[in-house]
Amino acid sequence: MPKSRKKTNKYESVKSKKPAVNASKGVSEVDSLRAEIIVLQKQVNILQAISEITAKDFKLSDILDRFLSTVMDATSSEAGSILLVEKHTNALYFASAKGGKASQIKKFKLAIGEGVAGWVAQTGKPMITPDAAADKRHTTRFDKNLKYKTRNIMCAPLKFDHDILGVIEMLNKKKGKAFDNRDLETLLIFTPYISAIVKNAGLLTDNKEKIERLEHLMGITEYVNSTLELDILLDKMLAASTHMLQAEAGSILLLERDELVFASATGAQKETIKNIRVPIGEGIAGWVAREDRSVLVADAQNDPRFFKKADEKTTFKTRSIIAVPLKTKQRLVGVMEVINKKGGDFFNEDDKNLLEALANQAAVAIENAKLYTETQDMFMNTIKCLAETIDKKDNYTRHHSDGVTTYSMEIGKALGIPDAELKELKIAALFHDIGKIGVDESILRKPAKLTEQEFLEIKKHPDEGANILEPIPQLKDILPVIRHHHERFDGNGYPAGLIGEDIPMHSRIISIADTLDAMLTDRPYRKGLPLETCIQEIQHCSGTQFDPEIVAVAIKAIKKYFSKKVKK
Ligand SMILES: [Fe+2]
C-alpha cells in the first residue's frame, strides 16, 4: 500500500476522480490512477458489504438495520435513519434508526415536505446541509422533543422507477466535521440497493398477504354455508375477520328497527359490549349505517363521529377503525367493525377492501341465519302454546310441561349432551304428555285414586302422544322419546316394558324430571313435597324406576339448580 494513502477505515471518503494539478504530468497521472484504484477498491468494499447484508438477512427490518450501520460507518455519521413512505397516510415513518436518540425517534412520523427528510422525499433530490440551524428546511421538532442537537445533515431519496419509497438520512459527521460531496457519493452507492430491497420486500409481503387472505376468504365461504346458528355464525365471522385483518378487536352490530345493537364482539369485554344500542347516525357504525358506505378512520379519538360509550364501558382504547355496512341485495342488516391494527400499525385501503369482501359474505349468511332462527323460534313458540293447552286441562299440573322441560335440560346439560340434541330433548320434554289431550278431563282432574279402567286410559297417553306428532317430519326423532317416557329401568314400565338402555336416553332423563316435578307440585290430595324428600325418593328408585348412572348426575344437577334459584 502506498505510503501516501492515509489509512482510516475501509470506507474513507471517496477521493475526487479528477487528478490533482501537479508540476509533473507523469506524477499527476500516477496520482490519478492511484485515486481511481482507491475509489474502485472502496466501491468493491461497499458492494461486498451489500452482498453480505442481502445474503444473510431475509427480514426487511434486519436488512435495513444492517444497511444503516454500514452506511453510517462508511460516512462517519453519528446517527442515521431510513424513513419509508407509509402508503395510506403518505407520511414518512422510521423503519430503521441508529445512534443519537434512535430508540425514541421511532414513535414519530414526518409529513412529506416536513424537515430535510420530508423535502428530499418531496423533491426526490439528495442534499447536504452543512449547518442545520441555518437551513430553513430543517425541522427542530425532533431536536426539541428528544433533546438532541443536529449540526449537519446528509439525505438521499430511496427511489424505484419514479416512485419515492423513502429516504436515508445521516446526521452529524463525526469529529465535528460536516458532510461533503464525497460522503454523498458514498451514500449514493448504497441507495439503489436499499431501494430495490424495499420495493421487493413490499411486493413479496403484498403477495404473501394476498394469498393468505384469499385462502381465508375461501375458508369463510365454506364455513358460512355450513351453519345457520346466528350467534355461532357471528362469532366465527368476526373471529375470521379480526384474524385476517390483524385487528386487536372487532364487533358486529345488527340492525333492529331504527337502532344498531352489538350482537357479537371479540375479546374479554365482549359480554359487556353486547346489547349496547347505537342509534342510526350516531358513532362511526351509525354513520356507516346511515350513509350506507364504508369508512377507514385512522384516529378514532379525534374523529367527531366516534361513539365513546363502548370504550367507556370497558378499558379498551380505540385508535383506528374500519367499519363496513353489512347489506344484502335488498337491505342493510348491520355493520361490521374491526378496531386497532396489531403492532401499533394502521389499517389501509387494502384492509378496507378485504373487510368489504368479508361483509358481503357475512350479510347473506346473517340474513339466512336470522330467517332460520325466526322460523325456529316460531316453531318453539307453537310447541309451547300446545304444551300449555294440555297443562290447562288439569289445574294442578298447569306448569308441568315447563317444569319437566327445565329439569330435563339441567340434567341433559350436566350429562354433557351436545346442543343440537338438547334442542330435541327440550321439545320432547315440552310435548311428553301431549297424548293426554285425548284423555277425559274427569280422569285427569280426579282428586281420588284412579280405578283400574281409568288407569288403563291414562296409560295410553305416551302412545297417543307419539301418534299425534307422527305426521310432523321434523319431530320424527322425538317420537320414541315420547312413546317411552313411562318405561322403568327394571322393565316394569309402560307401554312396551323396555329394560335398561333399550329405553331411549332422553326418555330416561324425562322420566326423572317428570317424577320430580310431580312430587314438588301441590296436588288436590297433598301438598308439594320438600326438595330433600323428592331427591331421597329419586335416589331410592335408582336402579329400579330410574337409570342409576343418570340419577347420580341428575341429583347433583338438581341440587345445583335449586341452590342457584334460592340465591336469586
Ligand atoms: Fe306422562
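What follows draws every value from the coordinates through simple rules; no lab data is involved. Fair warning: this is a prediction, and the values are worked out from it, not measured in the lab. We place every Cβ from the backbone using ideal geometry, glycine too, and count neighbours over all the protein chains shown.
Highest first, please rank the peptides 400-409, 378-387 by the mean number of other Cβ atoms sitting within 10 Å of their residues.
Working: 400-409: 22.3, 378-387: 14.0.
Highest to lowest by the protection proxy: 400-409, 378-387.
Once the Cα atoms of segment 58-200 are picked out, what are the Rg and Dmax in Å?
13.5, 40
So what's segment 59-109 giving for Cα Rg divided by 2.2 N^0.38 Å, two decimals?
Here the Cα radius of gyration is 1.14 times the empirical estimate.
If you average 1/r over every pair of different alpha-carbon atoms in segment 292-415 and take one over that average, what Kirkwood value in Å do you get?
Working: mean 1/r = 0.0533 Å⁻¹.
Over segment 292-415, the inverse of the mean reciprocal pair distance is 18.8 Å.
Round to a whole angstrom and tell me the spacing of the C-alpha centers of segment 509-568 and segment 63-94.
Cα centroid of segment 509-568 versus Cα centroid of segment 63-94: 75 Å apart.
Pop out the Kirkwood hydrodynamic radius of segment 393-567 from its pairwise C-alpha distances, inverse of mean 1/r, in Å to one decimal. If you can, show how the numbers build up before the last one.
Values: mean 1/r = 0.0609 Å⁻¹.
For segment 393-567, the Kirkwood estimate is 16.4 Å.
Students often get this wrong, so check it: of 59/144; 413/564; 236/560; 101/174, which have C-alpha atoms separated by over 26 Å?
Values: 59/144 33 Å; 413/564 15 Å; 236/560 32 Å; 101/174 16 Å.
Over 26 Å Cα-Cα: 59/144; 236/560.
Could you point to the residue in 524, 554, 420 farthest towards the positive end of segment 393-567's charge dipole, with +1 and -1 charges on the Cβ of Lys/Arg and Asp/Glu respectively?
524
Karplus couplings for segment 366-372 from phi (6.51 cos²θ - 1.76 cosθ + 1.60, θ = phi - 60°), rounded to Hz, Gly and Pro as x?
5, 4, 4, 5, 5, 4, 5
Taking amide H atoms as placed 1.01 Å from N in the peptide plane, list the residues 5 or more away in sequence, or in a different chain, whose amide H sits under 5 Å from that of residue 528.
522, 523
Based on the alpha-carbon gyration tensor of segment 227-368, what equivalent-ellipsoid semi-axes (square roots of 5 times the eigenvalues) come out, in whole Å, largest first?
Over the Cα atoms of segment 227-368, the ellipsoid semi-axes are 20, 16, 15 Å.
Please list, by residue number, every one of the chymotrypsin sites (Phe, Trp or Tyr not before Pro) in segment 482-564 that is coil in DSSP and has at most 11 other beta-carbon atoms within 10 Å.
Working: sites: 489, 525, 546, 561, 562; in loops: 489, 525.
When the chymotrypsin sites (Phe, Trp or Tyr not before Pro) of segment 482-564 are filtered for loop state and at most 11 Cβ neighbours within 10 Å, 525 remain.
Assuming 0.36 nm per residue, please report the length gained on full extension of the stretch residue 175 to residue 470 beyond their Cα-Cα distance. Show your work: numbers first, answer last.
Numbers: separation 295, 0.36 × 295 = 106.20 nm, distance 9.69 nm.
Working it through step by step, the gained length comes to 96.5 nm.
Among the listed pairs 109/327; 136/341; 392/446, give every one whose C-alpha distance is greater than 26 Å. Could the numbers behind the result be given before it?
Details: 109/327 37 Å; 136/341 36 Å; 392/446 14 Å.
Cα-Cα > 26 Å for 109/327; 136/341; rest within.
Within segment 295-346, which chymotrypsin sites (Phe, Trp or Tyr not before Pro) sit in a loop by DSSP and count at most 13 neighbouring Cβ atoms inside 10 Å?
Within segment 295-346, no chymotrypsin sites (Phe, Trp or Tyr not before Pro) qualify (loop, at most 13 other Cβ atoms within 10 Å).
If you average the alpha carbon positions of segment 110-152 and of segment 444-491, how far apart do those two centres end up, in angstrom?
Segment 110-152 and segment 444-491 have Cα centres separated by 90 Å.
When you count, for each residue, the other Cβ atoms within 10 Å and take the mean per peptide, how do 359-367, 188-196, 435-443 rank with the highest first?
On the way: 359-367: 21.1, 188-196: 18.0, 435-443: 15.7.
Put in order of decreasing packing, that is 359-367, 188-196, 435-443.
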